[in-house]
Amino acid sequence: MSTDLNAQVAGIKDDYKYGFHESEAHYNYKSGKGLNRRTVEEISEMKSEPNWMREFRLKALDVFFQKALPQWGGNLNDLDFQDIHYFVRATDRQGKSWDDVPAEIKRTFDKLGIPEAERKFLAGVGAQYESEVVYHSLREDLSAKGVIFTDMDTALREHTDLVREYFATIIPVNDNKFAALNSAVWSGGSFVYIPAGVKVDIPLQAYFRINAENMGQFERTLIIVEEGAQVHYVEGCTAPVYTSESLHSAVVEIIVKKGGRCRYTTIQNWANNIYNLVTKRAVAHEDALMEWVDGNLGSRLTMKYPSVYMVGKGARAEILSIAFAGKGQHQDAGGKVVHAAPYTTSRIISKSISKNGGRSSYRGLLKVADGAYGSKSNVVCDALILDPQSRSDTYPYIEVDEDDVKIGHEASVSKIGEEQLFYLRSRGLSETEASTLIVNGFIEPLVKELPMEYAVEMNKLIELQMEGSVG
Amino acid sequence: MSRKSLRIENLHVSVEGKSILRGVNLTINQGETHALMGPNGSGKSTLSYALMGHPNYEITDGSAFIDDVNLLDMEPDDRAKAGLFLAFQYPTSIPGVTMANFLRHAVTNVRMPDRKEGEDLISMRDFRKELKQKMDELGMDGEFARRYLNEGFSGGEKKRAEVLQLAMLQPAFAILDETDSGLDIDAVRVVSEGVNRVAKAQGTGVLVITHYQRILNYIQPQFVHILYGGKIVENGGPELVTTLELEGYDWIRAKYPNEAQIEDELESTVLTS
């Protein structure tokens, strides 16, 4: 069977149905390639930003140049920071209705099914195309309640005080090289503000699309959930397939105040030429709940470890991570939880699948500070390897400075079982169907946490990865 | 509909280079019930795995046909589509895959063998209705359909699940590999009744592999075969079961000294069952 399975797995093409691209003829502005002070000043100028933001960017650029590339995680040697367009403006106006969005851009989002999803099950939608958000909407009843859901550039103009109060407080400029890069050249992203006690019961979604070649997308997202408020934010991402690399380096900062709840779901399906180097961090105050649901299917290399700092008593953190590494892909994903207050609880569940020479790594940090007594944490990471060419690694880091804690850690690596395959095949399932079913079963505990529509989407994406059917 | 035949001729099977079956001949017609008995290690399970197409079981000689369809040329899924079913002695568990989801795929493939991958499965409504009916008949709780396939099932639940699959897939031929092992007497009865119901309704040809008489009180065979030392050495009717029950295998041993020697060698090696 193993030879059969090899042949079958090798036969799976990594087809990608979002690989189309649109013409750039209508573009408003595209920066030259490369990064220097002038690039940063230009971005700030084009956005007519206040002086403090311009200074912030320039300071961040210095930090970026000072910091060395990380020597852990994935291979970044082919990433050439001077071969990237740092700012591309596809249109100079943002649509409030899809009719306002230029046809070339709207076509892309139609293909991705965004307007349809919006009509069916979303409370608000933001759509970013290249460097800026080209469409934004929010259900009227929510804006009447004081909910703000807009792009970060608009927020900086219209909600300056809020932005200034929280911006870069969770992820400071010098946190890491890519956070510094984002801080210098950020553009677009979402700003979400949920006033105290307001519960947004259906998801807000942001969609990120890179269209141009050698493009850098650096969205910056800030979510503030006030006391007792609740929100579910979802993001999706795709890009055309090019032979040269593009870079996506986002920063996402979240503050969940006392008793608030925030769930942030990502279904990342970048093309396989994208470096996806993202810093995501949340601070959870007393009795707050922060959940990251992080699905990584695309990209060439992803390095992303959503984290939660539990700073208030009774805060909770949940990180659910799914990674699928196919041919030429390395998913270096996981999560970080920091227990910095008593009676805080966290759970990390990671499921990774490697196939066709792909590599997935779980990298996690669990830290319990002195004084965080009565805290509990449970980490489970399971890896499924579909063929001998593929690889899976686990890097769990645990630092505990408090005695009164309960910690659980389990890790498992399994190969797709011959007996499982034979059993399913003896019931009439083809080898591809059988392995797809086994893979879907493997991630089922996570997929069932997703809202119905995303669960269906996730299963479809897995099937595409498995079948290589033409989209 | 004319009755089909499952014809096994001179079947030789090796596992990891070791010869286990050494020329098995057996013909089963639809509507007939056969029992295959034999001591541990005689090759009973090997026959079932080899017929279903397990990759570790190498056919070194012989043939197996359903009418004019050569099973041995086919992948396991095509054998299922050709009408062969194996109720496993040790069904494997598939975490995260519900019984209902799995069975819908299986039923679709077996009933629509020409369907291309990715095309629609059979209608959810019809499938659910049929599944519920079959589960009721087997005294299975509706919750069963939503459980993950064999995951955390008790021995009895696993065997019942195998018979549920048999009932849903309606094969021309069903091999029951030690379906009675690990079951208490009530479970043996329920499972057997399930098999009988399917066999009667579908005219299934049944091969019951067992080394105890117990299940044969419920699934009554017209034909009984004794596998010994990798060959079928005795063919007869129900009276063979009684003889074995009373006298054990000693008389077989005495009657077939060559096979007895091989049997001893086989028993001394640990085999996958």
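Here are some notes:
- Listing of strands (runs of 3 or more DSSP E) fully contained in region A:253-346 that carry 1 or more residues being touching a Lys or Arg at 6+ places or on another chain (Cβ under 6 Å): A:274-284, A:289-296, A:307-310, A:316-325, A:330-339
- For region B:146-157, residues that are in contact (Cβ under 8 Å) with a residue 24 or more places away in the chain, out of contact with any Gly (no Cβ under 6 Å at 6 or more places or on another chain), surrounded by fewer than 18 Cβ atoms within 10 Å (Cβ to Cβ) and not charged (D, E, K, R) total 2.
- Among the numbered conditions (1) surrounded by fewer than 17 Cβ atoms within 10 Å (Cβ to Cβ); (2) touching a residue at least 12 places away in the same chain (Cβ under 8 Å), the only one that residue B:206 does not meet is (1).
- Qualifying residue in region B:225-236 (condition: more than 20 Å from residue B:5 (Cα to Cα), at pLDDT below 95 and surrounded by fewer than 17 Cβ atoms within 10 Å (Cβ to Cβ)): no
- Helices (runs of 4 or more DSSP H) (entirely within region B:34-142) containing at least 3 residues that are surrounded by fewer than 20 Cβ atoms within 10 Å (Cβ to Cβ) and more than 12 Å from chain A (Cβ to nearest Cβ): B:124-137
- Here residue B:27 meets the list (1) under 23 Å from residue B:178 (Cβ atoms); (2) touching a residue at least 40 places away in the same chain (Cβ under 8 Å); (3) of a type in the set (S, T, N, Q) almost entirely, failing just condition (2).
- Filtering A:373, A:305, A:395 for residues that are more than 30 Å from residue A:432 (Cα to Cα) and free of Cβ contacts under 8 Å to residues at least 60 places away in the same chain leaves a single hit, A:373.
- Any chance residue A:91 is more than 21 Å from the chain's Cα centre (by Cα), within 20 Å of residue A:21 (Cα to Cα) and touching a residue at least 24 places away in the same chain (Cβ under 8 Å): yes
- For residue B:180, the test of being closer than 24 Å to residue B:245 by Cα, surrounded by fewer than 17 Cβ atoms within 10 Å (Cβ to Cβ) and touching a helix residue (DSSP H, G or I) at 6+ places or on another chain (Cβ under 9 Å) is failed.
- Applying the condition of being surrounded by 24 or more Cβ atoms within 10 Å (Cβ to Cβ) and hydrophobic (A, V, I, L, M, F, W, C) to region A:331-351 and asking which residue is nearest to residue A:293 (Cα to Cα) yields A:348.
- In the set (1) buried (at least 20 other Cβ atoms within 10 Å of the Cβ); (2) over 18 Å from the mean Cα position of the chain (by Cα); (3) not polar (S, T, N, Q), residue A:201 fails one condition alone, (1).
- All positions within region A:46-57 that are part of a helix (DSSP H, G or I) and surrounded by fewer than 11 Cβ atoms within 10 Å (Cβ to Cβ): A:51
- Scanning region A:352-384 for residues that are buried (at least 21 other Cβ atoms within 10 Å of the Cβ) and of a type in the set (Val, Ile, Thr) yields A:353, A:368, A:379.
- Residue that is farthest from the other protein chains (Cβ to nearest Cβ) [pool: residues in region B:143-157 that are part of a loop (DSSP other than H, G, I, E, B) and under 22 Å from residue B:108 (Cα atoms)]: B:147
- For residue A:328: the one exception among (1) crowded, with 24+ Cβ neighbours inside 10 Å; (2) at pLDDT below 95; (3) not aliphatic (A, V, I, L, M): (1)
- Residue ranges of strands (runs of 3 or more DSSP E) in region A:209-251 with at least 1 members surrounded by fewer than 22 Cβ atoms within 10 Å (Cβ to Cβ): A:230-238
- Every condition in (1) in a strand (DSSP E or B); (2) more than 14 Å from every other protein chain (Cβ to nearest Cβ); (3) surrounded by fewer than 24 Cβ atoms within 10 Å (Cβ to Cβ) holds for residue B:31 except the one numbered (1).
- Where strands (runs of 3 or more DSSP E) sit wholly within region B:158-241, those with at least 1 residues that are of a type in the set (Phe, Trp, Tyr), out of contact with any Cys (no Cβ under 6 Å at 6 or more places or on another chain) and closer than 25 Å to residue B:11 by Cβ occupy B:173-177, B:223-228.
- Hits in region B:242-252 - residues which are assigned to a helix (DSSP H, G or I) and either touching a strand residue (DSSP E or B) at 6+ places or on another chain (Cβ under 8 Å) or loosely packed, with under 12 Cβ neighbours inside 10 Å (or both): B:244, B:246, B:247, B:250, B:252
- Some residue of region A:191-199 being assigned to a helix (DSSP H, G or I) and more than 30 Å from residue A:65 (Cβ to Cβ): no
- With respect to the conditions (1) modelled with pLDDT of 95 or more; (2) facing another protein chain (nearest Cβ under 8 Å), residue B:26 lacks only one, and its number is (2).
The values are calculated or read from the model by the stated rules, or taken from the named source; none is laboratory data. On a predicted model such as this, the values are computed, not experimentally measured, just so you know. Cβ: placed from backbone, ideal geometry, glycine included. Neighbour counts: every protein chain shown.
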